[in-house]
Amino acid sequence: MATNTKSTDAAIGLEGGAPIAVTRRARLAEFWYYFRQNRGAVIGLAVFVVIVAIAVLAPVIAPHSPSMQNRGAFLLPPVWEDGGRWEFVLGTDAVGRDILSRLIYGARFSLFIGVVVVSLAVTVGIFVGLLAGYFRGAVDTVVMRMMDIILAFPSLLLALVLVAILGPGLVNAMIAIALVQQPHYVRLTRAAVMAEKGRDYVTAARVAGAGNLRLMFKTILPNCTAPLIVQAALSFSTAILDAAALGFLGMGAQPPTPEWGTMLAEAREFILRAWWVVTFPGIAILVTVLAINLMGDGLRDALDPKLKRS
């Protein structure tokens, strides 16, 4: 009878007396409960979902091609101002391109930049941080001194120098921003690994014969993800801002790419007589970054046990 009971428990996948599916559902419910306590985070999530939907559906909802130039429609104001036309709801830029369409397609580039930069920084940062926190000694010393050197420079200035060395362009800008953000993940991972390495479950796994790679990636790393998730959410917005800044300085995405920072750079000389060519890309950057930061605050509240209210 005891054997049958054990086999039944194994078949349905019990975890501490409760089915794994139920446990995961309970954890997700707990996460959502604490996340929605932060109203700003819920609003940020809703806005972010809308931005993602706009980026995905850009070819469907954009009224014009982002690079199409309309002769006779140079610097048209928004539709609610004198001279505006419903054909171009938010007006046009200096060469007759529809600003609304460029903003919609710009969401694609901004989200793509955030995803690529965070993916690169997280992957490299976690790997290097694991090595430094697990092996310590000379490896830790060399790695952390290199990270300290990178952190000693202003992030945007260092990214600008790296892009100047690699050459202007969106790909090089993303690589430079990822390298600049990497030390934050290295330090977070190292600290979390050092805190987890001495715990009983790690000792038990080592006694059971687990090798270094299994201990690092299977045993320790899954218990270090909470602060990394929060950092990734906040770094997403930083990546968008840095990419926009590099684009504004002419070192990021190059014209006629409909990237928000590049749109600002192209509109500099028209600030006084065509406010809309500068205002709308700036608002797009502001709203996107604010929404992601609000989401990051909610993730921090939901994932950090110290911040959970009883």
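The values are calculated or read from the model by the stated rules, or taken from the named source; none is laboratory data. Small disclaimer: the values here were computed from a predicted structure and weren't measured. Cβ atoms come from the backbone with ideal geometry, glycine included; neighbour counts cover every protein chain shown.
Numbers for the structure displayed
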item	result
Among residues of the stretch 1-24, those that are part of a helix (DSSP H, G or I) and at pLDDT 50 or above, counted	5
Search result, residues across the stretch 98-134 that are charged (D, E, K, R) and either modelled with pLDDT under 90 or surrounded by fewer than 24 Cβ atoms within 10 Å (Cβ to Cβ) (or both)	Arg108
Near pairs, Cβ below 6 angstrom, 6+ apart or cross-chain, from the stretch 170-190 (part of a helix (DSSP H, G or I)) to any residue that is of a type in the set (Asp, Glu) and surrounded by 24 or more Cβ atoms within 10 Å (Cβ to Cβ)	Ile177/Asp242
Residue in the stretch 36-49 that is buried (at least 17 other Cβ atoms within 10 Å of the Cβ), in a helix (DSSP H, G or I) and among the charged types (D, E, K, R) present	no
Any pair with Cβ under 7 angstrom, 6 or more apart, that starts in the stretch 261-275 at a residue that is of a type in the set (Asp, Glu) and ends at one that is modelled with pLDDT of 85 or more	Glu266/Asp93
Residues satisfying the stated conditions in the stretch 156-197, i.e. surrounded by fewer than 17 Cβ atoms within 10 Å (Cβ to Cβ) and either hydroxyl-bearing (Ser, Thr, Tyr) or on the phi > 0 side of the Ramachandran plot (or both)	Gly167, Gly169
Test: residue in the stretch 199-215 that is touching a residue at least 12 places away in the same chain (Cβ under 8 Å), surrounded by 22 or more Cβ atoms within 10 Å (Cβ to Cβ) and not polar (S, T, N, Q)	no
Where Arg300 falls short, out of the listed (1) basic (Lys, Arg); (2) within 20 Å of the chain's Cα centre (by Cα); (3) in a loop (DSSP other than H, G, I, E, B)	(3)
Count of residues meeting criterion [in contact with a Lys or Arg (Cβ under 8 Å, 6 or more places away or on another chain) and either surrounded by fewer than 17 Cβ atoms within 10 Å (Cβ to Cβ) or outside any loop (DSSP other than H, G, I, E, B) (or both)] in the stretch 76-95	1
Meets criteria (exposed (fewer than 12 other Cβ atoms within 10 Å of the Cβ) and either at pLDDT below 80 or in contact with a Cys (Cβ under 8 Å, 6 or more places away or on another chain) (or both)) for Arg27	yes
